[in-house]
Every structure is written in structure tokens, then in C-alpha cells.
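Please read the structure below before turning to the comments.
The values are calculated or read from the model by the stated rules, or taken from the named source; none is laboratory data. Since we're looking at a predicted model, the values are computed, not measured. A quick note on method: Cβ atoms are made from the backbone with ideal geometry, for glycine too, and the neighbour counts reach across all protein chains shown. Heads up: the accessible areas ignore ligands, DNA and RNA and are worked out on the full protein's heavy atoms, side chains in. Shrake-Rupley method; radii C 1.70, N 1.55, O 1.52, S 1.80 Å.
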Amino acid sequence: MDTRTPYLNTLDLPDGLHDLTNAELERLATEVRTRILDVCSRNGGHLAPSLGTVELTLALLASLDMHKDQVIWDVGHQSYAFKILTGRAEAFSTLRTKDGLAGFPRRAESPYDVFGVGHSSTSISAALGFATARDLSGLDHHVVAVIGDGALTGGEAFEGLNLAGHQGRRLIVILNDNEMSIAPNVGAISRFMSRTLTRRWFRQTRKDVLAFLRTIPRIGGKLAIYAERGEWSFKSFFTPGMLFEAFRFAYVGPVNGHDIPALRQHLERALAVEDGPVLLHVRTQKGHGFQAAEEDPTHYHGVGHFVPETGRLIPSSSPVPAFTRIFGQELVRLGKKDARVVAITAAMPDGTGTTAFQQAIPDRFFDVGICEQHAITFAAGLACAGYRPFACIYSTFLQRAYDQIIHDVCLQDLPVTFCIDRAGLVGEDGGTHQGVFDIAYLRPLPNMHLLAPRDENMLARSVVTAADFGHPLAIRYPRGAAFGVPVDEERAALPMGVGEVVQEGSDIAVLAVGRCVPVACAAAREVEEHYGCSIKVYDPVWLKPLPEEEILSMMQHFRYLLSVEEGCIQAGFGSALLELACDRGLLGSFVLERIGVPDMFIEHATQAQQRAELFLDQDGIMAKLAGLAEKAGFQAKQA
């Protein structure tokens, strides 16, 4: 037995938490925090937010009956302690690894994960659904939503609050307030939330009011006692309670989120309310208990490998900069030349590489918070007024603004550039974060144009192309290191609807998208050497509009073709090729095999493992090409 974790190794979790004293829970908090640090140092993950909710999670599980009560986490960045304390302590070492625990709550993983998440601002709406189902079924249990202050800036959170207050159902919303999402929060609501109760004016006002009450004859003493007992109501006049009570929520707090006795006391108060929704305001410190994360919660929000004793981050082994960093540098370069260029991100300046723009041109940088819908319509307004907004958002998060892309940008044919980071497979974040749908969901939209640069030089040229393009334009690029291709000194714009032959060949044609192009070239050379065939590799550059005449020419001159894309195969690039062939009467004149993401959600694993399983790495493409070579009559050379 590991003597460092006597509670985790001996307790029947989560039921065993009910019998622990507050002091024992505090010792268990240290064990849980140590386990999170140890596993995240090896596997990566959302470290700082989960460190900040250890005591809150312990207090919740010690107060609830998890055989019937339901806890819904927002986003899931905060849920590692919950995983450990709900029977997954031993399996926690597999976090974010292939076939191991997911990095977010996942219903298939545990009965305690009652709602799967990965995107923000959904918990209140989902919890209200659970509470409504409870009431319709005549049941009697608690439903608790845990939402961070960053997620609370998302519009869906307020839609949920609005209906919950209107219905008046019994529901507890716990606001985990650490004054941060991934980056520091922005907006008027955030500033309102961060008002502190320790300011001198509040203390003096409280003192004066209580003194006044005591002067009232006969009843003054009792009034003062009631005021102090109901101090949360008194506080709400000066604090966010005023906001939540406007939504018809009873407001409790704020309470120190690292003080287990206080947390349990306030939780009991919230659980005792029977006639409507309650908001419990908990103040926590992101990264609590780990100095490096406390001092730099942004960089330790989601980490790779690090040294747990010191917090020193272990750098990537690749000497080549990531596509994200290259994009950020090119946007700064363009912004310095063109005063119309504006950068927009939705709470992800580091993740989208726009921190460089923020530092270089702060007056034209806008972090709008966790609200992708607003980001796109905000960009549309800027575009109408003559600016050239670059909306920099992960592929998976851009899905949340689909209506705004259609109605506010494409319908009006506005020059908004969608800089789609994390396009393709993203690795350990799993099914909620894979950026595999953007080709399919953007390709059908009138006025939309779509570029897929294959390397850093093409990415730089794509950014230059966007400046004077004059129409909606999306640029998709992947997570991870680029290929070390030098960038042209003079970045020429890309001619619309024109592709490039990257490697000449005469027997088989490969049409590859984005980062798949260099990988396909390497695979083609290997197959050429082993089979003695000649393989052409073609980069369409533009996925919309397609270089139709160039592609049609290949369909007419090659019997065997292969399409390769790191996106969903349904409605993707390969589908566009088949549509084109059908429209021109060429179906049946060639054989097209397609490599892409099948009709399934891709779960967590490394990017390399995901690509290998989907034939999207060099070996997979070689296998498909070898099969086509054999169909074409070529035989593998003897070793």
C-alpha cells in the first residue's frame, strides 16, 4: 500500500467521505492534489482549474448522496478531483491516454458522470433539465450545477439562469469564482463578479447598519441578530447576489472555496432551501496548492509534461514552431502594415497565438470572453464598418457560432476571416474537441471560401490573401508543429481556385488536404520505390472554390486516385470530388479511395495514435497507395 495516500487506498469512495471529519477531509485534499499533480505531470491535462476545486469537490461529495443526487460540471476542466473521489482513483493514472479515463466528464465512463461536457456554459441548462425530469417523475433528490465564472460569461448560462428563475424549481448552482477562465476574464459581468467584500467601505457600512439597528427601541437587538444571521442577504445588496436575485435565485456566499468547514456549512444552507433555485458563490484560487500554477494559472490551465517538484515545464521535443505560433507572427506582421486588421478571440489568446498581436497592437485586439456567437457577430459589425476582422477560434468552438457564420457573415458577404486553429485531430482532449467537422460545415455555405495551407509558408500566404479578399474566408490549420519549411520573404497572395502539383507522377494521383500533403509526399516516395510506379501528389490549396478544371483533368487522365483529409469523410473534401465528378458525368471512369475521419467521434489518444488508426499517418497512406498500385498492375519489388 502507498502510505502517502492512506485515504484514497482504503476508503470506499464516494460513500466513505460521509464518515470523515473536516480535518480528515483536509488531509485527503492533500492526497488528491498530489495525485492530480503526479498524473498531470506525466499525461498533461487541465491542471490549474482542477487543483482549485479539490476542497469544493470533497465538501460536495461529503454532503450529497451520490446514489441519487446529481452533479453536473461545466466544461469539465474542474473535474479531476471528482473523478478520483468517485471510484476512479486507481484508474486516474490513465487520464487522457488511449482507452483510459477521459479528460472531461463522460457518461460512458462512470454512472457519476451524469452529463458529458467539454464546451462551456452548458451546466445550468442541463441541470435544469435534470431537475425538471426529477419533478415530472415525482422524485426527491438534489441537482447541482458547478460552473466557473469564465463559463458564466457565455450566453447559454444566462439563458439557463433565466428559465430556472422563471420556473422556480429546486436547483443548486455553484459558482466557482476564481476570476479566470483560461485567460483572465473580460467584460462588465466579470468586473461585477470580482467585487470584494473586504473593502473598507463595505465593512464600515455593515458596522453602521448594525449599530443603527441596535438603537431601535425594544426590537433593535433582535433585528441586528437577524441581520447578522442573514448576512448573505445583506451582502447581496453590494455584491453579485443582487444580480442573481434578479434572476430569482436565492444567493448564498461568497465563501472561501478552500475552507472545508465553511463550504460544508454553506452547502447545508443551500441544500436546505426547498422552494426555488439557489446560487452558492464560492471563491477559489486557480492552481491552489501548487505554487507554479498559483503564480501563472494561464500557462498551467492546460499543460503538457512538467516536473511536479518544481513546476518546470518540459518543452516539446520538436524544434519546429507550431502552426499556431506562425499564424500569430504573420497576423502581427499584417496588422502592422494594414490599419484595418483587427484580431478577435473568444477567451483563448494564448491558444490561438493572438497574444503576440495583443502585445504588439493592443488597441486592435479584442478578447470577447467565452462567447463565440458574439465574437462572430462582433466581427461582422467591424467588417460592415470597413475593418478586416480576423476571428481566431478553435475548430471545435467555432461550431457554437454556426448561425452567426451563416446569417451575420455569409448572407451579407462580409470580409471576415475565420482563423480556424486546431483543425483536424487534436489528441488527448478527445471527442468534444476534435476539429474534424469544419470542412463539412463550412463548404455548403454560399459566399464562404476555404483555404487549407499545407505548411508554414502557405499559412503565411493565406494570411496575406485574407487582407484584401473582400469575402468570408476560412483558413484551417492544425494543432502541433509545422514542417520547417522556410517562409517566403515576400508573401504572395494565393490566386483563388488554383491548386499546386507538389510531386509529379503518371500512374496514381493523390489529392491531399493541408498537413496531409507533406505526409502524402513521403508516403508516395516510399511506394514508388517499392512498386516502381509513379505517383502524383496534388494540393488543391482551396477547398472552396475547388480548382475544378485541374481536378477534372486528373480524373480524366488517372484511373486510380486517393483523397486524404484530416476531417470527416462525410461531406468533406473527398465528397466534394465525387460531387464534381457526378456533375460532370465522370463517375465510373476512375476509382477514388478516400481517407478521412469516419462516421464516429474520435476519443482521446495521442495525435499519432489517432492518425495511425485512421490511416492518416505515413504508414496508413502507404498502405492505401500500395493497394491502388497493386490494382493498377504493379508488384512489390523483392527485398
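Sort largest first and round to whole Å: the equivalent ellipsoid semi-axes of the range 432-511, each the square root of five times a Cα gyration tensor eigenvalue.
Details: eigenvalues 86, 67, 51 Å².
Taking √(5λ) for each Cα gyration eigenvalue gives 21, 18, 16 Å.
In Å², and per residue, what accessible area does the chain have when probed at 1.4 Å with the other protein chains present? List each step's numbers first, then the result.
On the way: 25910 Å² over 639 residues.
About 41 Å² of surface per residue is accessible.
Mind pulling the angle between the C-alpha long axis of helix 323-337 and the longest principal axis of the chain? Nearest 10 degrees, somewhere in 0 to 90.
90 degrees
Out of the chymotrypsin sites (Phe, Trp or Tyr not before Pro) in the range 584-639, which ones are loop residues according to DSSP with at most 12 other C-beta atoms within 10 Å? Write out the running numbers ahead of the final one.
On the way: sites: PHE590, PHE601, PHE615, PHE634; in loops: PHE590, PHE601, PHE615, PHE634.
Within the range 584-639, the qualifying chymotrypsin sites (Phe, Trp or Tyr not before Pro) (loop, at most 12 other Cβ atoms within 10 Å) are PHE601.
Would you report the distance distribution of C-alpha pairs in the range 502-598 as whole percents per 10 angstrom bin, up to the bin with the largest distance?
Here the calculated profile for the range 502-598 is 16, 53, 28, 2.
Compute the Cα gyration tensor for the range 1-146, then decide on rounded, prolate or oblate, letting a ≥ b ≥ c be the square roots of its eigenvalues: rounded whenever a/c is under 1.5, prolate when a/b is larger than b/c in the other cases, and oblate in all that remain. Each step should come with its number before you reach the end.
On the way: a/c = 1.97, a/b = 1.32, b/c = 1.50.
Oblate.
Could you work out [θ]222 nm for the chain from helices alone, using -39500 (n - 2.57) per DSSP H run of at least four and dividing by all its residues? Round to the nearest 500 deg cm²/dmol.
Calculated mean residue ellipticity at 222 nm is -11500 deg cm²/dmol.
Post the alpha-carbon centroid distance, the range 467-538 to the range 67-91, in whole angstrom.
44 Å
From the backbone phi of the range 490-499, what are the Karplus-calculated ³J(HN,Hα) couplings (6.51 cos²θ - 1.76 cosθ + 1.60, θ = phi - 60°) in whole Hz, Gly and Pro given as x?
Each residue of the range 490-499 in turn: 9, 7, 7, 5, 8, x, 5, x, 10, x Hz.
Could you give the length gained on full extension between GLU550 and GLU504, defined as 0.36 nm per residue of separation minus the Cα-Cα distance, in nm?
Details: separation 46, 0.36 × 46 = 16.56 nm, distance 1.37 nm.
Length gained, GLU550 through GLU504: 15.2 nm.
Enter the per residue convex hull volume of the chain, computed from alpha-carbon coordinates, in Å³ rounded to the nearest integer. List each step's numbers first, then the result.
Details: hull volume 119.7 nm³, N = 639.
Measuring per residue, one finds 187 Å³ for the Cα hull of the chain.
Whose amide H sits under 5 Å from the amide H of ALA474, counting only residues 5 or more places off or on another chain, with H placed in the peptide plane?
PHE418, HIS449, LEU450, LEU451
Go through the range 466-482 residue by residue and turn each phi into a ³J(HN,Hα) via Karplus (6.51, -1.76, 1.60, θ = phi - 60°); whole Hz please, and just put x for glycine and proline.
5, 4, 10, 5, x, 9, x, 9, 10, 10, 9, 8, x, 7, x, 5, 7
Return the carbon/sulfur percentage of the accessible area of the chain, one whole number, probe 1.4 Å, all protein chains in place. If you can, show how the numbers build up before the last one.
Values: 13550 of 25910 Å².
Carbon plus sulfur share of accessible area: 52 percent.
Using the structure shown, list the pairs from LYS336/LYS544; LYS536/LYS637; LYS544/LYS624; LYS337/LYS544 with a Cα-Cα distance above 32 Å, or answer none.
none
Cα gyration tensor of the range 568-639, axes a ≥ b ≥ c as square roots of the eigenvalues: rounded (a/c below 1.5), prolate (a/b > b/c) or oblate?
Details: a/c = 3.95, a/b = 1.07, b/c = 3.68.
Because a/c hits 1.5 or more and a/b fails to exceed b/c, the range 568-639 counts as oblate.
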